[in-house]
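The values are calculated or read from the model by the stated rules, or taken from the named source; none is laboratory data. Here the structure is a predicted model, which means the values were calculated and not measured. So basically every Cβ, Gly included, is an ideal-geometry build from the backbone, and we count neighbours across all protein chains shown.
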Amino acid sequence: MRKILAIRFKFLGDVAVTIPALRAVKTKLPDSELHVVVAEEAVPILRHLPWIDRLWAFPRTRGKVQLGRSLPLIRRLRRERFDISIDFSGNDRGAILSLLTGAKMRVGPIAPRGFLGRKHCYHQSIEELPYYHHELMRNFHLITFLGIPYPEKPQLEIRSDPVLTEKAKALLGGHQYICHLSTSREKKEWPLENWVRFYHKATETGARVIFSSGPTDREQTMLKELLKLDSTLPVLPPTDSLDLFLAVLNEARGFISGDTGPLHFAAGLGVPTIGIFGPTDSRRWAPPGAIHQSVQGGFCPCSGHASSCQYEHPCIAQVSSEEIFHCFEDMRKLEEK
């Protein structure tokens, strides 16, 4: 196979979790050209990985079709004459792009939802592993047809831009541990009161903790609400640059958040993490490796598609600040070894 195209259209965290499978393809076929196409906002996650031969930024606005911007890129992809395309996405956009690239062999997952013609976008459809498997394994399952075995110790891998190191250090201002408030859905976010209680427990030990949140208005409002509870808490300035945010994460000694993309970014950069899980399953999404910890919330009957939990006792709220503090102590003990 001279040219391989990997396609991944989903949330930023999904892109990060696909990296071990991409690395395995390149390791198995080192003489091939590995091209990867992702949504343009996800490019910084993969930009500095030297074993990716070419990275393609696909224009995307959720819920909108942008043919004027997409068609020129599709034409360029077709001119590459890929020997094989592998769609890791399992959604309509990934399937249609697979078909339009004109790759000689197109491989993708059999997904339970989507338009009826999806199966005709692929030459070979591979049944997805059940959701109780870790997402890393679900990605590796798609490439077993290449003779690539499941890894014993899969590792995430991301590199930050070294040019931004000094600017990142300045933004951190000497703080060592980052607590990230926001996620893609409100129901995955730990209560602000719990963050305040954890902060005071952690700082009593001499740890320097700082809070961050995503760049959207809703996410930045979370920081404002946090400061209403305690105006002395340090917060990171907002930034729309994912490259800069990755550089900031790279300078941290630890990272704590709910189930969100930055949790996987930090793990990929080699930063120890603590993941707080509620309506999503830590067995599927927690970063692998001995330096990473996760805590799973209690029972939750809310709909998996709802953005917020309507249950009287949300599962994420059942994770106590004491539990996270104990994980934090373990994180610092590992750091001392």
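Residues of the stretch 129-157 being assigned to a loop (DSSP other than H, G, I, E, B) and more than 30 Å from Ala306 (Cβ to Cβ), which ones?
Scanning the stretch 129-157 gives Ile143, Gly147, Ile148, Pro149, Tyr150, Pro151, Glu152, Lys153, Pro154, Gln155, Glu157.
Quick check, is Gly289 of a type outside the set (S, T, N, Q), in contact (Cβ under 8 Å) with a residue 12 or more places away in the chain, surrounded by 13 or more Cβ atoms within 10 Å (Cβ to Cβ) and at positive phi?
So Gly289 passes the test.
Would you check if Lys104 is buried (at least 16 other Cβ atoms within 10 Å of the Cβ) and either in contact with a Phe, Trp or Tyr (Cβ under 9 Å, 6 or more places away or on another chain) or not assigned by TED's automatic domain parsing to the domain that holds Leu142 (or both)?
no
For the stretch 1-115, give me every one of the helices (runs of 4 or more DSSP H) that falls completely inside it and has 2 or more residues that are under 15 Å from Leu142 (Cβ atoms).
12-28, 92-101
Test of understanding: among Thr232, Thr239, which residue is among the β-branched types (Val, Ile, Thr) and touching a Leu at 6+ places or on another chain (Cβ under 9 Å)?
The unique qualifying residue is Thr239.
For the stretch 247-264, give me each residue that is more than 20 Å from Glu329 (Cα to Cα), among the polar types (S, T, N, Q) and crowded, with 23+ Cβ neighbours inside 10 Å.
The answer is Thr260, and nothing else.
If you take the residues in the stretch 294-325 that are exposed (fewer than 15 other Cβ atoms within 10 Å of the Cβ) and of a type in the set (A, V, I, L, M, F, W, C), which one is farthest from Tyr199 (Cα to Cα)?
Only one residue fits best here, namely Ala306.
Against the conditions (1) farther than 27 Å from Met137 by Cβ; (2) in a helix (DSSP H, G or I), where does Leu334 fall short? Just the number, please.
(1)
Spot the failing condition for Phe198; the list is (1) of a type in the set (Phe, Trp, Tyr); (2) surrounded by 15 or more Cβ atoms within 10 Å (Cβ to Cβ); (3) not in a helix (DSSP H, G or I), and only one is missed.
Condition (3) is where Phe198 drops out.
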